[in-house]
Amino acid sequence: MQLYIMCGASSEIANAYFTTLHKQINTGHIVTISRGEFKASFNESVSDEISHQHFTTDYSEQSLSGIAKELAFGNYDLAQLMIFNGLLHDPDNAPERKLEQISEQHFINSMTTNALLPIRCVTLFSSLLKTQVSTVVCALSARVGSISDNNLGGWYSYRASKAALNMLFKSAAIELSRRHKKCHCVLFHPGTTDTPLSKPFQANVPEGKLFTREFVAEQLYSLISDADYLQQSHNPAYFDWQGKPIDW
């Protein structure tokens, strides 16, 4: 049975992706992972060939390793490892507009959530990869993580942490491809999505450029499920919701 792992499952986009996944697949085991309860609805009566399991975690190495070991007993074929965790702002910190606003703690928190945590998930769940199974390993990145595309400056912690994520995925893709030829890493820019993460900045979004979480989830699923598209993309692929590549 195919296995679908969703880290950061409490996020709005992850919630929508869970619904999309449930609609699109005919069989499989969906695993959601988050710090708290998972609130998306799941009706097993719709299909007895799709199952759901939720794990709560503090995202420590010990906790994630324990989840990976438990899943290994199921002898699943890992189809997707999806990482939805992300941090842009918190009650005490907004994206920095100038150098003087850089906070050491916020910078560390951004790096931990946006870069270290995703690569930790890749590290520990890579034990579930099989050489003969096609697997997509995907994390939510952002266009502002592109160094060549940075023409506005600002947003120091978020930009730096997403750029770090991109570099970590680049190195991971090289390493994983040596052992698992059918593993493809993906960095996905969802665009500005109507979620709490983007809420403080939505007033400046051009008309038609604020996307619903459902639209983003459907686009994401469609793109990473297109084997021909991925085959033609770099590894890792770095693209937006339209499937357009983003310069590094």
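The values are calculated or read from the model by the stated rules, or taken from the named source; none is laboratory data. Since we're looking at a predicted model, the values are computed, not measured. Glycine gets a Cβ as well: all are built from the backbone with ideal geometry, and neighbour counts include every protein chain shown. SASA here: full protein model, heavy atoms, side chains in, ligands and nucleic acids out. Shrake-Rupley method; radii C 1.70, N 1.55, O 1.52, S 1.80 Å.
Mind listing the phi-derived Karplus ³J(HN,Hα) values for the stretch 97-109, rounded to whole Hz, using 6.51, -1.76 and 1.60 with θ = phi - 60°, and x for any glycine or proline?
9, 8, 4, 5, 8, 5, 10, 4, 5, 5, 4, 5, 4
Tell me the net charge near K209. Cut-off is 13 Å between Cβ atoms, K209 excluded, with +1 for each Lys or Arg and -1 for each Asp or Glu.
Once all neighbours under 13 Å are counted, the net charge is -2.
Can you tell me what the convex hull of the Cα atoms of the stretch 1-140 projects to on average, as an area in nm²?
Taking a quarter of the hull surface, the average projection is 9.5 nm².
Count the DSSP beta bridges whose two residues both fall in the chain, then state the antiparallel fraction as a percent rounded to the nearest 5.
5
Starting from the residue with the highest accessible area, list W155, W241, W248 in decreasing order, probe 1.4 Å.
W248, W155, W241
Report the far tail of the P(r) of the chain, meaning the percent of Cα-Cα pairs longer than 29 Å. Can you show the working numbers first?
Working: 7766 of 30628 pairs.
Looking at the chain, the distances longer than 29 Å represent 25 percent of pairs.
Where Lys and Arg each count +1 and Asp and Glu each count -1, what net charge lies around Y158 among other residues with Cβ under 13 Å from its Cβ?
+2
For the chain, modelled as a GNM with alpha-carbon contacts under 10 angstrom, which of S110, S157, S198 fluctuates the most?
S198
For the stretch 200-244, with every protein chain kept in place, what is the accessible area per residue (1.4 Å probe, Å²)?
For the stretch 200-244, the per-residue accessible area is 61 Å².
So what's the net charge close to A14: Lys and Arg +1, Asp and Glu -1, counting the other residues with Cβ under 14 Å from its Cβ?
Net charge in that neighbourhood comes out at -1.
Rounded to the nearest 500 deg cm²/dmol, what is the calculated helix-only ellipticity per residue at 222 nm for the chain, with -39500 (n - 2.57) per DSSP H run of length n ≥ 4?
It comes out at -10500 deg cm²/dmol, rounded to the nearest 500.
Report, to one decimal in Å, the Kirkwood hydrodynamic radius for the stretch 143-248 based on all distinct Cα pairs.
15.0
Set the Förster radius R0 to 25 Å, insert the Cβ-Cβ distance between M1 and D226 as r into 1/(1 + (r/R0)^6), and round the FRET efficiency to 0.05.
Efficiency computed from Cβ-Cβ geometry: 0.70.
How many angstrom lie between the C-alpha centres of the stretch 145-218 and the stretch 35-113?
Comparing the Cα centres of the stretch 145-218 and the stretch 35-113, I get a distance of 15 Å.
Roughly how many nanometres apart are two label points built 7 Å out from the Cα toward the Cβ at T56 and E175?
Rounded to a tenth, the inter-label distance reads 3.1 nm.
Which number gives the lysine pairs in the chain that have C-alpha atoms under 19 Å apart and are eight or more places apart or on different chains?
Here the count comes out as 12.
Using each residue's phi in the stretch 179-194, evaluate 6.51 cos²θ - 1.76 cosθ + 1.60 at θ = phi - 60° and report the 3J(HN,Hα) Karplus result to the nearest Hz, with x for Gly and Pro.
9, 9, 4, 9, 9, 10, 8, 9, 10, 10, 9, x, x, 6, 10, 6
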